[in-house]
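What follows is a set of notes on a single structure, which appears directly below.
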Amino acid sequence: MTALVERRGWTRQPQAVALYAAQALLDLERHDLDAADRAVSMARRAVGPGTDTAALLIGEAVAVGVAVTRADVYAARAQCRRLEIARRSTSGLPPLVRSWYDVAIAETRILMGEAESVITSLTRPDASATYEGALTRVVLAKAQLAAGRPAVAIDVLGTADGFAPHRLQAVEAEILTAVAWARLHRDVAALQHLTAAVRLAAPVRQIRPFVAGGAPVAALLTRLEHVTAEDPEFVRDLLGVCGRVSTP
């Protein structure tokens, strides 16, 4: 669709903002960060009368996600300021868009070393398997891991069933659970959950959360390569991005 829009010269149409925001989300999850940056820039260029401001806010949230994935604190803070400007121009945010906004801000604060304040400020969602609840549980688990509480992170995430309708969040939840179990020296459980994450992520080539997991995930992937034959090509691709880590 983006190729068609650009070929026809429709890049300044109001509808293009939502299109480029969707493209940016896809590029971010596939860890094509330069392409995600470009899509966000194109979304900003398309802003004009009649623009869907909620779609622009999603694009700005992706820009924050790119900076967080790169672990660039300065860029994440700068993008958060742009995100806040977009939020002020958008009245009556739908719950889903509001959740994306809250998560982008929270992940930046975790990157800045403010995990405890994130835990305090985010209300734990109920047990319903809503998309908003899945987003919030994932970021709360990240905050608990950053605060050194892997057991609490596992409790926050709960079982995989709670994420079943939401593949992208299910992948991230399995990765975070794997890291938490590894910190608790439960290696078998850690590899089981990482295997589940790979199984879910491979068909859609979701790479971002593996990269965002840093060295702990790279170490688990290195071990996983030697103990399972499931999705070997995807595991090798992940290791090509995350890097192999020597394990004892």
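The values are calculated or read from the model by the stated rules, or taken from the named source; none is laboratory data. Model, not experiment: these values are computed from the prediction. Heads up, the Cβs are rebuilt from the backbone with ideal geometry, glycines too, and the neighbour counts pull from every protein chain shown. Calculation scope for accessible area: heavy atoms of the full protein, side chains included, ligands and nucleic acids excluded. Shrake-Rupley method; radii C 1.70, N 1.55, O 1.52, S 1.80 Å.
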Exactly one of Thr195, Thr177, Thr159, Thr222 is open to solvent by 30 Å² or more (accessible area, probe 1.4 Å) and more than 13 Å from the chain's Cα centre (by Cα), and that residue is Thr159
Out of Ala170, Ala151, Ala143, which single residue is crowded, with 16+ Cβ neighbours inside 10 Å, among the small types (Gly, Ala, Ser), at pLDDT 95 or above and part of a helix (DSSP H, G or I)?
-> Ala143
Out of Tyr101, Tyr131, sole residue that is aromatic (Phe, Trp, Tyr), farther than 30 Å from Pro232 by Cβ, surrounded by 18 or more Cβ atoms within 10 Å (Cβ to Cβ) and modelled with pLDDT under 95 | Tyr101
Would you check if there is a residue in segment 164-173 being free of Cβ contacts under 8 Å to residues at least 60 places away in the same chain and over 13 Å from the mean Cα position of the chain (by Cα)?
-> yes
Within segment 79-90, restricting to residues that are at pLDDT 90 or above and open to solvent by 30 Å² or more (accessible area, probe 1.4 Å), the one that is nearest to the chain's Cα centre (by Cα) is Gln79
Could you grab the pairs with beta carbons closer than 6 Å, sequence gap of 6+ or different chains, first residue in segment 96-116 and basic (Lys, Arg), second one open to solvent by less than 50 Å² (accessible area, probe 1.4 Å)?
-> Arg109/Val118
Please work out which one of (1) free of Cβ contacts under 8 Å to residues at least 12 places away in the same chain; (2) touching a helix residue (DSSP H, G or I) at 6+ places or on another chain (Cβ under 7 Å) is the condition His226 fails and give its number.
-> (2)
Please indicate, with yes or no, whether at least one residue in segment 31-51 is under 29 Å from Gly158 (Cβ atoms) and buried (at least 16 other Cβ atoms within 10 Å of the Cβ).
-> yes
All positions within segment 203-223 that are small (Gly, Ala, Ser) and more than 21 Å from Gly65 (Cβ to Cβ) | Ala219
